1. Of everything in segment 1-41, what is open to solvent by 60 Å² or more (accessible area, probe 1.4 Å) and acidic (D, E)? Give them in sequence order.
2. Keeping to segment 420-479, report how many residues are among the acidic types (D, E) and in contact with a Ser or Thr (Cβ under 7 Å, 6 or more places away or on another chain).
3. Anything in segment 287-296 that is in a loop (DSSP other than H, G, I, E, B) and either in contact with a strand residue (DSSP E or B) (Cβ under 9 Å, 6 or more places away or on another chain) or on the phi < 0 side of the Ramachandran plot (or both)? List them, or say none.
4. Being in contact (Cβ under 8 Å) with a residue 60 or more places away in the chain and either within 16 Å of ligand 2 (Cβ to nearest atom) or outside the structural domain of D479 (by TED's automatic domain parsing) (or both) is the filter here; which residues of segment 409-430 pass it?
5. Just one of the numbered conditions (1) of a type in the set (D, E, K, R); (2) touching a strand residue (DSSP E or B) at 6+ places or on another chain (Cβ under 7 Å); (3) at pLDDT below 95 is not true of R511; which one?
6. Kindly provide the set of residues from segment 460-498 that are closer than 16 Å to V193 by Cβ, touching a strand residue (DSSP E or B) at 6+ places or on another chain (Cβ under 9 Å) and assigned to a loop (DSSP other than H, G, I, E, B), ordered by number.
7. Give me the pairs, please: first residue somewhere in segment 507-531 and within 16 Å of ligand 2 (Cβ to nearest atom), second residue anywhere and of a type in the set (S, T, Y), beta-carbon distance under 7 Å, and either six or more positions apart or on two chains.
8. Quick check: is even one residue across segment 506-526 part of a helix (DSSP H, G or I) and among the β-branched types (V, I, T)?
Amino acid sequence: MTKQDIARVLREIAFFLRFNGDNPFKARAYERAASSLLLSTEELSCLVKGEGLMRLVDVGPGTASVIRDLATTGWSQLHRTVQGAYPSSLAELGEVPGLRFKQIRKLYERAGISTLAGLQEACRANRLLSVKGIGPKIQQRMMSALGEYQRGRGYRLLADVLEEAASLERALSAGRGVRSVTAAGGLRRKMEVIDEFVFVVECRQGDGIARVARQFNAVPYLTAVTASADRLTAHTVSGMPVQVVFPLPDHLGVRLLQSTGAQEHVDELLDRFAAVGLPSWRDVENRFSGAGEEELYRALDLPCIPPEVREGREDLDALKGRKTCSLVEAADLQGCFHFHTDYSDGEDTVDAMVAAARARGYRYVGISDHSRSAFYANGLKEPRIRRQWEEIEAVQGKHRDIHIFRGIEADILPDGSMDYADELLAEFDFVIASVHSRFNLPEADQTARICRALANPYVTMLGHPTGRLLLSRPGYRVDMGRIFAAAAAHRKIIEINGSRHRLDMDWRWGRAGKAQGVRFCINPDAHAIDEFRNVDYGVNVARKAGLLKADVVNTLPLAGLQGLLKDMRPSESSVQ
Ligand SMILES: [Zn+2]
Ligand SMILES: [Zn+2]
């Protein structure tokens, strides 16, 4: 068996463990072991000798023995046991987002469906309607989930490919004759989903490009390598297409621009070069031989544009003549809001979460567990809210250098009212209003629902404005223009939710929101201590949205933020 074969079996084990209702952590361990195996640079034969497998991160004694069995005998007792009498292809259905194990079981037992192709065919032929327990609504939902899944095939979440990209970058950097390696393409532009890795490798003068390129035929991360004069195409072991570009040293700047994209941005730059008498990139290379990106932009009277905002053609005029283009940075953030603790569906305690935020250097954090309508997430009823406040007070006593705001992520009910009374909402320092139900309302109703919530005097910000889940669930239909208008009118904040699956608000709305005078808050929506890193993904989105430090409220120092929250509340005298 190859590494890929073994990884597939490990994933099947994970699927069947979950399918059988076994411990989800155990299932996760097999998934992690599969990724770790694929990412390792060592030959399989070396790994299975002695304690080799234990050198891999995320491989423990249990997963190691399964890998060893598979590598040596092509067979695993555990795999057989958990799979039972089910066909292994059933694991394919586990990939369809939103399809629950109970439904997969019904599909198999009552309709004999055991593959993706079979499911698709049955949906198309309306055959699921005769299966007991699967009505037209569920069939409809399955069809749209399948559609999303297939549209998303080939794409993976940015956060999920970073580790693999970094490993590959390190392997390329270690090559003989390599001066530098830059991850270009969507990776460099911090796109929310990625379907290709592009690397630009700068070779040392005098080391023939062909010679440098040739050694990468044998990089263990890469398969199906084909090389041409100045580039190499391949796939990573996990199936991601890879392009490695080897420019001549004098053409590095131009090649970086071209390889970073996006195509529209590159086309716009060439149009501008054409206007000054350089109609092709070859002409630009000759005229600006040896120039870096910054110099090339300067030649067009533009500041060096950060890769995140090299998307469309628009806005270059606005930048013309400016010296710098300084977008918000992770280091600007003084704190964040929106995270969950073990009071609702988070994994960690109030104390652990606050300590993790403090370790990131934050001066303030806002706790926001789920509200009472979120029964699926153990949402808080009033007595537990009060208990949490007591706990927050105790934790605050322990951590004097970080201020804890007490908040809630309250559900917006279908009619736009909030699921707690105003009197209770008034007792929180801040309120995030979120839609967690009735995703399929018509656009006008969904928009009106959210706008009404934004008019509530105690709501501070709108959480994940469209509710999308990348590569699995489209957002609910809303008119973002009207939502921005309502947010601006009521001086409410729009969240940029940094959860790797959400990245919502979508960065493409940034300019429209800014133009309407909306302010934003970058939040992690963390459900565990290690998810504070979601803030960094949120910063990517804010930068892609073209936001500056002043557009993002959680760049304010503590006193400024306290003032802002106070100003947003109705004054004492206006409330009877
Ligand atoms: Zn939420
Ligand atoms: Zn949340």
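The values are calculated or read from the model by the stated rules, or taken from the named source; none is laboratory data. Keep in mind that this is a model prediction, so the values were computed, not measured. Positions of Cβ are generated from backbone atoms using ideal geometry, with glycine treated the same way; all protein chains shown enter the neighbour counts. For accessibility, only protein heavy atoms count, side chains too; no ligands or nucleic acids. Shrake-Rupley method; radii C 1.70, N 1.55, O 1.52, S 1.80 Å.
1. Within segment 1-41, D22 is the sole residue that qualifies.
2. 1
3. Let us first name the residues in segment 287-296 that are in a loop (DSSP other than H, G, I, E, B), namely 288-292.
F288, S289, A291, G292, listed by residue number.
4. Answer for segment 409-430, where residues must be in contact (Cβ under 8 Å) with a residue 60 or more places away in the chain and either within 16 Å of ligand 2 (Cβ to nearest atom) or outside the structural domain of D479 (by TED's automatic domain parsing) (or both): E409, F430.
5. (2)
6. Listed by number, the residues that qualify are T466, R468, L470, L471, G475, G498.
7. So the pair list comes out as D525/S499.
8. Applying the first criterion (part of a helix (DSSP H, G or I)) to segment 506-526 yields 507-515.
Pick out the ones that are also among the β-branched types (V, I, T) and you get none.
Scanning segment 506-526, I find no residue that is part of a helix (DSSP H, G or I) and among the β-branched types (V, I, T), so the answer is no.
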